Amino acid sequence: MFRDENEKAARRSAEAKAKTEARRRLEDSTLESNISTPGSRAERSPSDALVCRSRGQLIPIPRITAPLSTPLEDQGLRFFVNRFVSRIATRPDGSLEVGRLPPSPHFGAINIDRSSRDAVISVGLAALSNVNNDRALRILSREKHAIVIKAVRKVVENPSQANPHKAFHLIVMLSLYEMVSCAPNQLDSWIVHLDGAAALLKQSTFRLSLMTLNHRAHLQFYFVSIVKYFAKRVVTPDLLNWSPDVIQYAPPDISPGVGLVDILIRFTKFDVRLHHEKNDAKAAVDSACSFEDELREWETHLPTYWSFTVEEYSTYEYTFHGQYHVYKNMWVAKILNHYRWARLLVNETIVSLISRMVRPTANEVIQRQRALDTIASMATEICTGAASQEATFEQGVTEESRIPLLNGTFMLLFPLGVAGGAAGTPDDVHEWVVGTLERIGCTMGIRRALEMIPQVKKSNMKWKLDQKLWNSRHENNTS
């Protein structure tokens, strides 16, 4: 259930760490990074960066080397905080201010619990080792990962004595580790640990603990389960047993998320029927269109404070062609991005169903083009809103209790993959997604981002071939 590929890591770790520390002491200099001492950020030189070639362009890749006195574990912890916890704020003039917002207060728990700390360090070391191609860091990350797996196994063996919240934290970190260490052709390896979480939820203690999560964490659990379905096309019991009543007494800022989860889970069940049952094409199109109508209606009823602005920025980093969204808070940004990929998938379903018709009517041809236009619009919105998921946090001040534990980089990968490879995605969106995945993989050490690129390119090429076939069959139809 919980994979352990690192039985030999502990034996090799001490030797590798000793060799690496000796090598570091012989080096004449170290490259600055934004995990080094305070104030060093302003002294960095552009020459202190490596580059990753992307479609003929050079992407800066900071080489991350902490001061020589910094233990390897601390390097991993600092890298994790710097890349996956720290944020970029928006100044009142719309420009971006890096690294001034504090981490979530909940993050301090890792200083109390050793297993939680090891889990965070394992992810940070693995990501840092990918960026620096450092074997010693990679070995130590595997050793820490093995320790976390043992801790989770103890939970599985004796769930009645376990702390459910700590267990879920460890499982989340195991999944993040799989994303960071993603091997070729194993894009969905992170799901293995979520399957383990699903098994734990069969225990009454853990099932009750889910009900005690705050509303946002509870909803995120369902969003992750939905993403998991579209990754593997396997429906989990938590989706089958969903009801809006599961989340009781939802406050106004949570209610839109509950409604969106409800639409998405019903669309998930519809998608299951499409793949496993014989369906009448026209009836299926009508059903898919009803989900599109529901999603558009959902957007019209959002609270006014969920509105956002589109800002211009002189540099293209963390923006889509110089543009990015500014939201009231990251929660709004996340929910709206879920909404966008949901509409994109619904409309892609409409395009797919109509494309398979032998003799679509004129109205169905128009409907297909309308769906393609919506896909292009949602894909563009996903990219423009990506800054708020990955880095740009918000304008103004947020209560500490509302600061999320992590920024949205990991959960951003799925909507980026959807946007970059969907039917009807414009070429500039596809190319931007590929470049962004390359940057995330190269600078943040998340291998899954790099491994997604061939799949995104393959999906984009398939769409273009399908469109050529459609055009050859229906060239006399007008849209």
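The values are calculated or read from the model by the stated rules, or taken from the named source; none is laboratory data. All values derive from a computational prediction rather than experimental measurement. Backbone-built Cβ (ideal geometry, glycine too); neighbour counts: all protein chains shown. When the accessible area is computed, the model is the full protein with side chains, heavy atoms only, and any ligands, DNA or RNA have been set aside. Shrake-Rupley method; radii C 1.70, N 1.55, O 1.52, S 1.80 Å.
Which number in (1) of a type outside the set (Val, Ile, Thr); (2) within 25 Å of Ile453 (Cβ to Cβ); (3) part of a helix (DSSP H, G or I); (4) open to solvent by less than 20 Å² (accessible area, probe 1.4 Å) marks the one condition that Cys182 misses?
Of everything listed in (1) of a type outside the set (Val, Ile, Thr); (2) within 25 Å of Ile453 (Cβ to Cβ); (3) part of a helix (DSSP H, G or I); (4) open to solvent by less than 20 Å² (accessible area, probe 1.4 Å), Cys182 misses just condition (3).
Answer yes or no as to whether Phe168 is under 24 Å from Pro237 (Cα atoms), outside the structural domain of Glu438 (by the TED database), modelled with pLDDT under 75 and not in a loop (DSSP other than H, G, I, E, B). If you could, list the steps in order and put the result at the bottom.
On the way: under 24 Å from Pro237 (Cα atoms): yes; outside the structural domain of Glu438 (by the TED database): yes; modelled with pLDDT under 75: no; not in a loop (DSSP other than H, G, I, E, B): yes.
Against the criterion (under 24 Å from Pro237 (Cα atoms), outside the structural domain of Glu438 (by the TED database), modelled with pLDDT under 75 and not in a loop (DSSP other than H, G, I, E, B)), Phe168 does not qualify.
Does Glu381 fit the bill of being open to solvent by 20 Å² or more (accessible area, probe 1.4 Å) and modelled with pLDDT under 90?
Numbers: open to solvent by 20 Å² or more (accessible area, probe 1.4 Å): yes; modelled with pLDDT under 90: no.
No; evaluated as a whole, the condition is false for this residue.
Here are some residues: Ala136, Ala127. Which one is among the small types (Gly, Ala, Ser), modelled with pLDDT of 90 or more, touching a Gly at 6+ places or on another chain (Cβ under 9 Å) and in the same structural domain as Gln75 (by the TED database)? Please lay out each step first, then the result.
Details: Ala136 fails: touching a Gly at 6+ places or on another chain (Cβ under 9 Å).
Exactly one residue qualifies, and that residue is Ala127.
For every residue, the table says whether it meets (1) in contact (Cβ under 8 Å) with a residue 60 or more places away in the chain; (2) part of a loop (DSSP other than H, G, I, E, B).
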{"residue": "Val234", "(1), (2)": "no, yes"}
{"residue": "Pro251", "(1), (2)": "no, yes"}
{"residue": "Ile263", "(1), (2)": "yes, no"}
{"residue": "His275", "(1), (2)": "no, no"}
{"residue": "Glu294", "(1), (2)": "no, no"}
